[in-house]
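**Student:** Below you'll find the structure I mean.
The values are calculated or read from the model by the stated rules, or taken from the named source; none is laboratory data. This one's a predicted model, so the numbers in the text were calculated from it and none came from an experiment. Ideal geometry is used to build each Cβ from the backbone, glycine not excepted, and the neighbour counts take in all protein chains shown. The protein model used for the area step is the full one, side chains on, heavy atoms only, and it has no ligands, DNA or RNA in it. Shrake-Rupley method; radii C 1.70, N 1.55, O 1.52, S 1.80 Å.
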Amino acid sequence: MRLIRALLPAALGMAAFTSMPALAETSTASVVGNASGVALVEAAASLTPGEYLWEQDVAAGPVSILISIPDQKAYVYRGDNLVAVSTVSTGKEGKETPVGVFTILQKKQMHHSNLYDNAPMPFMQRLTWDGIAIHAGKNPGFPASHGCIRVPTAFAKKLFTATELGATVEVTDMAFSGDMMAPRSDAQMTAAANNPVEPDLKTFLASR
């Protein structure tokens, strides 16, 4: 699969959002099979604030999102496949983004904050009813928000299109590692525990 990189100019102001032209995307390294997630993580190490990577040919399956506060990055999965990585800006000191497992409660293409001077929150995806959401916003490379997870505008638009209400979002205070699985809701983990997958005959015989 090919990866695409999009750059968000640092000087982009939210006031210019509605008239912003489509951002250019340039091809980067090609990867295939299970190596795609590894390639994404390796390529993501060089991302600068406002940049993201998204596979051009995405896998099938529901979307889930892992937010790493130490990394200041969002990791997007389709099913168990890592398909995108973006820089983010989480909550600053005193307004820290809460950690935990959340679901997307509400989606609104153009939302304005009820708490902070009617501030624009394009492509808002609400995680809590008391003001925590993923949305397009300034991405300086460090925690700077009032608790929300700010992402580059072009990435926010793609993510908004890809997700559904009820999608799982996990916010962690751990750095991303290659063995991290796609986030699971409590219901999904309970269902998996109650319905273990039986190994197929070939796997069973190979293990003997």
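**Student:** Need pairs with beta-carbon distance below 6 Å; first residue under 15 Å from GLY137 (Cα atoms) and within region 78-99, second buried (at least 18 other Cβ atoms within 10 Å of the Cβ) and of a type in the set (Phe, Trp, Tyr); sequence gap 6+ or separate chains.
**Tutor:** SER86/TYR52; SER86/PHE155
**Student:** Moving on to the next point. Which residue is most open to solvent (accessible area, probe 1.4 Å), if the candidates are limited to region 88-113 and must be of a type in the set (Val, Ile, Thr) and assigned to a loop (DSSP other than H, G, I, E, B)?
**Tutor:** Applying the first criterion (of a type in the set (Val, Ile, Thr)) to region 88-113 yields 88, 90, 97, 99, 101, 103-104.
Subsequent filtering for residues that are assigned to a loop (DSSP other than H, G, I, E, B) retains 88, 90, 97, 99, 104.
Working: VAL88: 2, THR90: 2, THR97: 9, VAL99: 81, ILE104: 5 Å².
Out of the qualifying residues, it is VAL99.
**Student:** When you look at PRO122, is it touching a residue at least 60 places away in the same chain (Cβ under 8 Å), assigned to a strand (DSSP E or B) and surrounded by fewer than 23 Cβ atoms within 10 Å (Cβ to Cβ), yes or no? Walk me through how you get there before you give the answer.
**Tutor:** Numbers: touching a residue at least 60 places away in the same chain (Cβ under 8 Å): yes; assigned to a strand (DSSP E or B): yes; surrounded by fewer than 23 Cβ atoms within 10 Å (Cβ to Cβ): yes.
Spelling it out, PRO122 is indeed touching a residue at least 60 places away in the same chain (Cβ under 8 Å), assigned to a strand (DSSP E or B) and surrounded by fewer than 23 Cβ atoms within 10 Å (Cβ to Cβ).
**Student:** Quick one: count up the residues across region 160-190 that are without any contact (Cβ under 8 Å) to a residue 40 or more places away in the chain, part of a loop (DSSP other than H, G, I, E, B) and not charged (D, E, K, R). Lay out the reasoning, then the answer.
**Tutor:** Taking region 160-190 first, the residues without any contact (Cβ under 8 Å) to a residue 40 or more places away in the chain are 161, 177, 179, 187-190.
Then drop every residue that is not part of a loop (DSSP other than H, G, I, E, B), which leaves 177, 179.
The next check asks that each one be not charged (D, E, K, R); those that pass are 177.
Count: 1.
**Student:** Something else now. Exactly one of (1) closer than 24 Å to TYR52 by Cβ; (2) modelled with pLDDT of 95 or more is unmet by SER177. Its number?
**Tutor:** Status for SER177: all satisfied but (2).
**Student:** A further question on this structure: Within region 70-89, count every residue that is out of contact with any Lys or Arg (no Cβ under 8 Å at 6 or more places or on another chain) and among the β-branched types (Val, Ile, Thr). Even if it seems obvious, please write down each step before you answer.
**Tutor:** First, pick out the residues of region 70-89 that are out of contact with any Lys or Arg (no Cβ under 8 Å at 6 or more places or on another chain): 70-83.
Those still in the list that are among the β-branched types (Val, Ile, Thr) too: 76, 83.
Here the count works out to 2.
**Student:** Report, by residue number, each residue of region 147-159 that is assigned to a helix (DSSP H, G or I), under 18 Å from LEU82 (Cα atoms) and open to solvent by less than 40 Å² (accessible area, probe 1.4 Å).
**Tutor:** Selection gives PHE155, ALA156, LEU159.
**Student:** Still on this structure: Would you point out the residue of region 191-208, among those that are part of a loop (DSSP other than H, G, I, E, B) and loosely packed, with under 10 Cβ neighbours inside 10 Å, that is modelled with the highest pLDDT? Explain how you work it out, then say what you get.
**Tutor:** Narrowing region 191-208 to residues part of a loop (DSSP other than H, G, I, E, B): 195-200, 207-208.
If we keep only those that are loosely packed, with under 10 Cβ neighbours inside 10 Å too, we end up with 195-198, 200, 207-208.
Values: ASN195: 70, PRO196: 61, VAL197: 59, GLU198: 58, ASP200: 59, SER207: 53, ARG208: 50.
Among residues in region 191-208 that are part of a loop (DSSP other than H, G, I, E, B) and loosely packed, with under 10 Cβ neighbours inside 10 Å, the one modelled with the highest pLDDT is ASN195.
**Student:** Another question, then. Report, by residue number, each residue of region 164-190 that is loosely packed, with under 11 Cβ neighbours inside 10 Å and more than 16 Å from LYS73 (Cα to Cα).
**Tutor:** Once the filter is applied, which keeps residues that are loosely packed, with under 11 Cβ neighbours inside 10 Å and more than 16 Å from LYS73 (Cα to Cα), region 164-190 yields GLU164, ASP179, ASP186.
**Student:** A further question on this structure: Restricting to region 32-79, and then to whatever is at pLDDT 90 or above, assigned to a loop (DSSP other than H, G, I, E, B) and of a type in the set (Val, Ile, Thr), can you tell me which residue is most open to solvent (accessible area, probe 1.4 Å)?
**Tutor:** THR48
**Student:** Still on this structure, I have one more. Whether any residue in region 11-31 is at pLDDT 50 or above and closer than 21 Å to THR161 by Cβ is what I want to check. Show your work before the answer.
**Tutor:** Applying the first criterion (at pLDDT 50 or above) to region 11-31 yields none.
Among the residues of region 11-31, not one is at pLDDT 50 or above and closer than 21 Å to THR161 by Cβ, which makes the answer no.
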